[in-house]
Amino acid sequence: MKRENSGAENARLTALLHESRPMPALPPRFAEGVWRRIEESEATLFPSQRTGWFDRLVVQILRPRFILPGLAALLVAGSLLGAHDASQMAKRDALERYLASVAPNPLR
Amino acid sequence: MRRSFLILLGTFAFAAAVFAGSFLFTRQIWVSRMANPADNLEWLRQEFKLTDADMARVRNLHELYSPRCAEMCTRIAAKKAELEAALAGSTNVSASARQKLAELGELRAQCQAQMLQHFIEVSQAMPPEQGRRYLAEMERLTLGFHEQIENAMSNHGGHGSAMH
């Protein structure tokens, strides 16, 4: 008895919700369009045998699990090389300053 | 295929930009942090890992040497000016110009001898191993340049054939 009452209340609630938020009519063949788009996006993400090896390779390379560590490695390598280069430059400058203070150019 | 190629090309360009950007950015930061233009002796501390006590001894020697070096440089500059005046307008090397050349050479030799003496004193103010390395490096950097020129001139074909 109680269950019948709650079922009827749910139906009334659903009807009220539909009335309060009217949905526009879907365009013709809407569901068909949605499925077509899903298939197209899957074809891009998981290319079939029909696509070329290069396309498949590019898709594999550009996966986040390769791209993100790759970018991180480039950042680290660039920073390390930059720091090394800066230390070499600073060392050369310091040597030049010392030489200029003890052995002026006409003597070298 | 073409679209994939363009995407891959764009990815490589982006990767190159990331690498170059991180390289330049880090280098700029480190250069500004490491540069110490106020201290001419910083190279000695870095290169020879000198302690504060070593640096104090070296700094003392450097401060004694600097005014003598500056005085020699002034005398050399004055002698060069005299030589230029003696050479001005003449089409041959006059006796006066020869005299000035000899005096200039003598002054340069004195200055170099004083400089080498300073290097020896500084090397003795360092721990023995660093001192030996410092002296060898200074001789290479200050006298080696002349040796390179002299070697190049003696190996030059024109000079060799002129002697025979």
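Relative to the longest principal axis of the Cα atoms of chain B, the long axis of helix B:144-155 lies at roughly 80 degrees. Placing pseudo-labels 7 Å out from each Cα toward the beta carbon at A:Glu32 and A:Leu62 gives an inter-label distance of 3.1 nm.
Between segment A:69-89 and segment B:81-125, the C-alpha centres lie 48 angstrom from each other.
Cross-link partners for B:Lys80 among the aspartates and glutamates, with Cα-Cα distance under 17 Å and sequence neighbours closer than 8 places in the same chain left out: B:Glu71, B:Glu103, B:Glu106.
Sorting the segments B:133-139, A:21-27 by their residues' average number of neighbouring beta-carbon atoms within 10 angstrom, most packed first, yields B:133-139, A:21-27. Within straight-line reach of B:Lys49, meaning a Cα separation under 13 Å, sit the following aspartates and glutamates at least 8 residues removed in sequence or on another chain: B:Glu129. In this rough spin-label picture, where each label sits 7 Å from Cα along the Cβ direction, the B:Thr51-B:Ala88 distance is 5.7 nm. The calculated 222 nm mean residue ellipticity attributable to helices in chain B amounts to -29500 deg cm²/dmol, summing -39500 (n - 2.57) over DSSP H runs of n ≥ 4 and dividing by all residues. Each of the peptides A:35-41, B:43-49 was scored by the mean count of other Cβ atoms within 10 Å over its residues; in descending order, highest first, they stand as B:43-49, A:35-41. For the residues of A:74-80, the average number of beta carbons from a partner chain within 10 Å of their own beta carbon is 6.
Averaged over peptide B:15-26, the number of partner chain Cβ atoms lying within 10 Å of each residue's Cβ comes to 6. Looking only at other chains, what is the average number of their beta-carbon atoms within 10 angstrom of each beta-carbon in A:84-91? Per residue, the number of nearby Cβ atoms from other chains is 6 on average.
Here, each number is a calculation from the coordinates, and none is a lab measurement. Because the structure is predicted, anything quoted here is derived from the model rather than measured. For neighbour counting, all protein chains shown are included, and Cβ atoms are generated from backbone atoms with ideal geometry for every residue, glycine included.
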